[in-house]
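All remarks here apply to the structure that follows.
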Amino acid sequence: MYVNGRLKTIKDKMPLNELLLQEGHDIERVAVEKNGKIVPRSSFGTEMLSDDDRIEIVCFVGGG
């Protein structure tokens, strides 16, 4: 699978939230696109990923 343009190999299907945690993301502060479609945050635990997916993760940053 590709995550933000870099190749990442996974052994088995995994839920999106597991990938986000492995990558060190705060699930409440990201938006995710899977194969060109936005994944609702409510589906992070049930959206299964496979080795042929393309994932884009965008982090929200606060500031002023």
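Bear in mind these aren't lab numbers, they're just calculated from the coordinates by the rules spelled out. Predicted, not measured: the structure shown is a model, and the values here were computed from it. Using ideal geometry, Cβ is built from the backbone for each residue, glycine included, and neighbour counts are taken over all protein chains shown.
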Of the conditions (1) at positive phi; (2) touching a Phe, Trp or Tyr at 6+ places or on another chain (Cβ under 6 Å), residue 16 fails just one. Which one is it? (1)
Among the residues of the stretch 49-64, the number that are touching a helix residue (DSSP H, G or I) at 6+ places or on another chain (Cβ under 8 Å) and surrounded by 13 or more Cβ atoms within 10 Å (Cβ to Cβ) is 3
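State all residues of the stretch 9-53 that are of a type in the set (Lys, Arg) and touching a Leu at 6+ places or on another chain (Cβ under 8 Å); if no residue qualifies, say none.
Of everything in the stretch 9-53, those that are of a type in the set (Lys, Arg) and touching a Leu at 6+ places or on another chain (Cβ under 8 Å) turn out to be 13, 34.
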Yes or no: the stretch 27-46 includes at least one residue that is among the aromatic types (Phe, Trp, Tyr), surrounded by 15 or more Cβ atoms within 10 Å (Cβ to Cβ) and in contact with a helix residue (DSSP H, G or I) (Cβ under 8 Å, 6 or more places away or on another chain). yes
Among the residues of the stretch 6-22, are any touching a residue at least 24 places away in the same chain (Cβ under 8 Å), surrounded by 14 or more Cβ atoms within 10 Å (Cβ to Cβ) and of a type in the set (D, E, K, R)? no
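Considering only residues that are in a loop (DSSP other than H, G, I, E, B) and closer than 20 Å to residue 6 by Cβ, which ones fall in the stretch 27-46? It would help to see each step written out before you state the result.
Keep residues of the stretch 27-46 that are in a loop (DSSP other than H, G, I, E, B), which gives 35-36, 40, 44-46.
Answer for the stretch 27-46, where residues must be in a loop (DSSP other than H, G, I, E, B) and closer than 20 Å to residue 6 by Cβ: 35, 36.
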